[in-house]
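The values are calculated or read from the model by the stated rules, or taken from the named source; none is laboratory data. Source: prediction; values computed, not measured. Neighbour counts run over all protein chains shown; Cβ positions are idealised from the backbone, glycine included.
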Amino acid sequence: MLRALTALMLTLSFISTAHAQEGDTPDRSGTGGAQTLEDIMARQNGQEVDNAFRRNATGDPDSAAGIASQLGTLGGASDPELWRALRFGTANITASNNGPAATTLIQDGGMKWLQFREGPLATYGGYLLVGTLGVLAAFLMIRGRITIDGEKTGRKITRFKAVERFGHWLLAGSFILLGVTGLVSLFGRKVLIPAFGHETFAFLAVGSKWVHNNVSWAFMLGLLMIFVMWVIHNLPDRTDFNWLRKGGGIFSDGHPPAKKFNAGQKLIFWSVIVLGTSISVSGLALLFPFEINMFAATFAKLNAFGISGALGLGELRETLAPHEEMQYAQLWHSIVSFVLIAIIFAHIYIGTVGMEGAYDAMGSGEVEEQWAREHHSIWADEELAKAKTPSESATPAE
Ligand code: HEM
C-alpha cells in the first residue's frame with residue numbers, strides 16, 4: 001500500500017514538473033541538447049513543441065575534429081545533424097538535375113498536408129456530398145416535383161441550339177467523369193482497397209488518374225463555350241431581385257417573371273464559371289508540377305490587405321517550398337471541387353426529377369410552351385413575339 005502511494009506521489013510530482021516546464025525552455029542538458037523524452041511525449045499528446053533547438057542543431061564544421069584522426073567526424077556534422085539540415089532545408093545540396101524542387105530532399109510540412117488530406121478533407125467533403133443528397137431527398141419528399149400548373153399546349157419553343165447543348169453536355173459529361181475519378185483518387189485507399197483489394201484498386205487508380213488528367217481539357221473547353229454563349233443572359237438585372245424575394249415561387253403559388261435564365265440559374269452559372277475556373281487553374285498547377293506557383297503570392301496579398309487577420313488566420317507564410325505550393329494546390333482543388341459537386345447535385349436534381357419539363361431543354365432543345373410561360377415568362381413572350389413577326393430579311397411577296 002505504502003509503495004503504491006509513493007508511486008502515485010512520484011507520478012503526480014512528475015506530471016506537475018512537466019506542467020511547470022510548459023512555456024519555459026526545457027532542460028535538455030541530459031541529452032546534450034537533443035530532444036528529450038518530454039519533447040517526444042508532448043508531441044505525441046498533440047502539444048506544440050518549438051523546434052528551434054533542432055532546426056539550429058545541424059552541426060558546426062568549424063569545430064570539427066580533424067578528419068585524419070581516428071575519431072574524426074565528417075565535417076563536424078553527425079548523421080542526425082545532416083538529416084536535420086536536410087529536413088529544415090539548410091543543408092548545402094547539389095543535385096544532378098536542376099528543377100525548382102530538386103534540392104528539397106525532405107519537405108517538413110508534407111506530413112501536415114497528408115494528415116489533412118486523409119482526415120478533415122475527406123471526412124467533411126464526404127459529409128457535404130452525402131448531406132446535400134439527403135437535403136435534396138428531403139426536399140423532394142416535402143415539396144414534391146414541380147409540375148407544369150397550366151394546361152399543356154402541345155406546342156414547342158426552341159430553348160437551346162445544338163451548339164449550346166453540345167457545350168453543356170461536354171461540360172457536364174467531363175465534370176461527372178472528373179468528379180468520379182477525383183473521388184476514386186481521394187477515397188480509394190479508405191473505401192476501394194478494403195472493398196475490392198489492392199490489385200483491383202491499382203487498376204482503378206491508374207485508369208482514374210489517366211482519365212482525370214486527360215478529360216480535364218474537355219471540361220475547360222466546355223467551360224469556355226458556355227461562358228461565351230451564355231454570359232450575356234446571366235448578367236444580373238432587376239427581375240432577379242424580385243425572383244429571389246419570392247424565393248423563385250418554389251413554396252408559393254405563381255411564378256415570378258424571368259428572362260432566359262432566372263436568378264437561381266444565374267447563381268448556378270456564376271458558381272460554375274468562378275469555381276470551375278479556380279478548379280481548372282489549380283488543376284493545371286497539379287498537371288504541370290512546380291510551374292504555376294500561386295499560393296505564396298496569394299498569401300502575401302491576403303496579409304497585405306489584412307484579410308488573413310480579419311479571418312483569424314494570423315500572418316500567413318509568404319515563402320513556401322515548391323512542394324508546399326503543390327500541396328496547397330491539391331487542397332484547394334479538392335475543396336472547391338467538393339463545393340461545386342454539391343452545387344451540381346442540386347442542379348442535376350432540378351434539371352431531372354425536381355421539375356417537370358426541364359430536361360427537354362437540354363435533351364431535345366425544345367420545351368413545352370406552357371413550361372416556358374410559367375418559368376421564363378419574359379423570355380417566352382419575346383420568343384413567341386419573334387415567331388409571330390415575319391422575319392425582316394424575308395422578301396415581301398409582290
Ligand atoms: C446529368 C447531369 C446534368 C443534367 C441533367 C443537366 C440539365 C440541365 C438543364 C435541363 C439545363 C437547362 C435548364 C433550363 O432550360 O432552364 C441546364 C443548364 C445548365 N447546366 Fe446542366 N445538367 C447537368 C450537368 C451539368 C454540369 C455537370 C454542369 C457544370 C459543371 C452544368 C452546368 C449548367 C449550366 C451553367 C446551365 C445554365 C444555367 C442553369 O440552367 O442553371 N450542368 N442543365
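Below, the figures for the structure above:
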{"item": "Test: residue in the stretch 243-255 that is of a type in the set (Lys, Arg), more than 30 Å from Ala101 (Cα to Cα) and surrounded by 20 or more Cβ atoms within 10 Å (Cβ to Cβ)", "result": "no"}
{"item": "Total residues in the stretch 234-260, condition in contact with an Asp or Glu (Cβ under 8 Å, 6 or more places away or on another chain) and farther than 20 Å from Ile273 by Cβ", "result": "1"}
{"item": "Only listed residue being in the same structural domain as Phe187 (by TED's automatic domain parsing) and crowded, with 19+ Cβ neighbours inside 10 Å, chosen from Ser364, Ser334, Ser308", "result": "Ser334"}
{"item": "Residue count, the stretch 359-381 (criterion: within 12 Å of the ligand (Cβ to nearest atom), touching a strand residue (DSSP E or B) at 6+ places or on another chain (Cβ under 6 Å) and part of a helix (DSSP H, G or I))", "result": "3"}
{"item": "Verdict on Leu183 being among the aliphatic types (A, V, I, L, M) and within 16 Å of the ligand (Cβ to nearest atom)", "result": "yes"}
{"item": "Every residue from the stretch 342-358 that is near the ligand (Cβ under 10 Å from one of its atoms) and within 14 Å of Ala372 (Cβ to Cβ)", "result": "Met355, Gly357, Ala358"}
{"item": "Qualifying helices (runs of 4 or more DSSP H) (wholly inside the stretch 116-207; at least 1 residues being within 24 Å of Lys260 (Cβ to Cβ))", "result": "162-187"}
{"item": "Some residue of the stretch 230-238 being part of a helix (DSSP H, G or I), surrounded by fewer than 13 Cβ atoms within 10 Å (Cβ to Cβ) and more than 16 Å from the ligand (Cβ to nearest atom)", "result": "yes"}
{"item": "First in the stretch 137-153 and modelled with pLDDT under 95, second anywhere and of a type in the set (D, E, K, R) and assigned to a loop (DSSP other than H, G, I, E, B), Cβ under 9 Å, 6 or more apart", "result": "Arg145/Glu356; Ile146/Glu356; Thr147/Glu356; Ile148/Glu356; Asp149/Asp253"}
{"item": "Helices (runs of 4 or more DSSP H) fully within the stretch 250-327 counting 1 or more residues that are within 16 Å of the ligand (Cβ to nearest atom) and at pLDDT 95 or above", "result": "263-287"}
{"item": "Residue under evaluation Gln330, criteria (1) in contact (Cβ under 8 Å) with a residue 12 or more places away in the chain; (2) more than 22 Å from Phe219 (Cβ to Cβ); (3) among the polar types (S, T, N, Q), criterion not met", "result": "(2)"}
{"item": "Inter-residue pairs, beta-carbon under 9 Å, first more than 17 Å from His333 (Cα to Cα) and in the stretch 168-196, second in a helix (DSSP H, G or I) and acidic (Asp, Glu), 6+ apart", "result": "Arg189/Glu118; Lys190/Glu118"}
{"item": "Some residue of the stretch 201-211 being within 16 Å of the ligand (Cβ to nearest atom) and either touching a residue at least 24 places away in the same chain (Cβ under 8 Å) or over 19 Å from Ile343 (Cβ atoms) (or both)", "result": "yes"}
